[in-house]
Amino acid sequence: MRDVIARTLAWVLALLVPCKPGRHSAEFLATQTPSPSPPRVPWFRPWTGPSSQEVRAIFHSEHTRELPDLQRERVWAAEFAALGVDYDYPTLPLGSLVKRERVAA
């Protein structure tokens, strides 16, 4: 007897309160907007910078060995600029460029 009452009650509630379509029904999927694509992760793109052979050729060049440090860094920056890479003198210590003098206070 309980089953009959429960089924009747479920049938009446289904008539009174319309239920939403299920998650996998065509009606539900038609009303959903597509989720945005995930952000592009940089390591899934191909490498666009210079190869290791190109970089080694720049740093181990014969004509830059005899140059002073500052001039050598500038030549390296020019060669990297020709490849389209920004090079901001990372190997040159700033202490060699800046001379500090004592100031009498």
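Every number in this text was worked out from the coordinates using simple rules, so none of it is lab data. Bear in mind the structure is a predicted one, so any value in this text is a computation, not a measurement. A quick note on method: Cβ atoms are made from the backbone with ideal geometry, for glycine too, and the neighbour counts reach across all protein chains shown.
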Subject >> Cα lying deepest toward the dipole's positive end in segment 2-45, options Leu13, Gln32, Phe44, charges on Cβ >> reply: Phe44
Original post:
What are the trypsin sites (Lys or Arg not before Pro) within segment 1-61 that DSSP puts in a loop, where the Cβ has at most 13 other Cβ atoms within 10 Å?
Top reply: Arg23, Arg40
**OP:** With a cut-off of at most 11 other beta carbons within 10 Å, and DSSP calling the residue loop, which chymotrypsin sites (Phe, Trp or Tyr not before Pro) in segment 1-85 qualify? Please list them.
**Re:** Trp47
Original post:
Spin-label point model (7 Å from Cα, Cβ direction): what's the Arg74 to Val4 distance in nm?
Top reply: 10.3 nm
Subject >> Qualifying GluC sites (Glu not before Pro) in segment 4-72, DSSP loop, other Cβ atoms within 10 Å at most 15 >> reply: Glu66
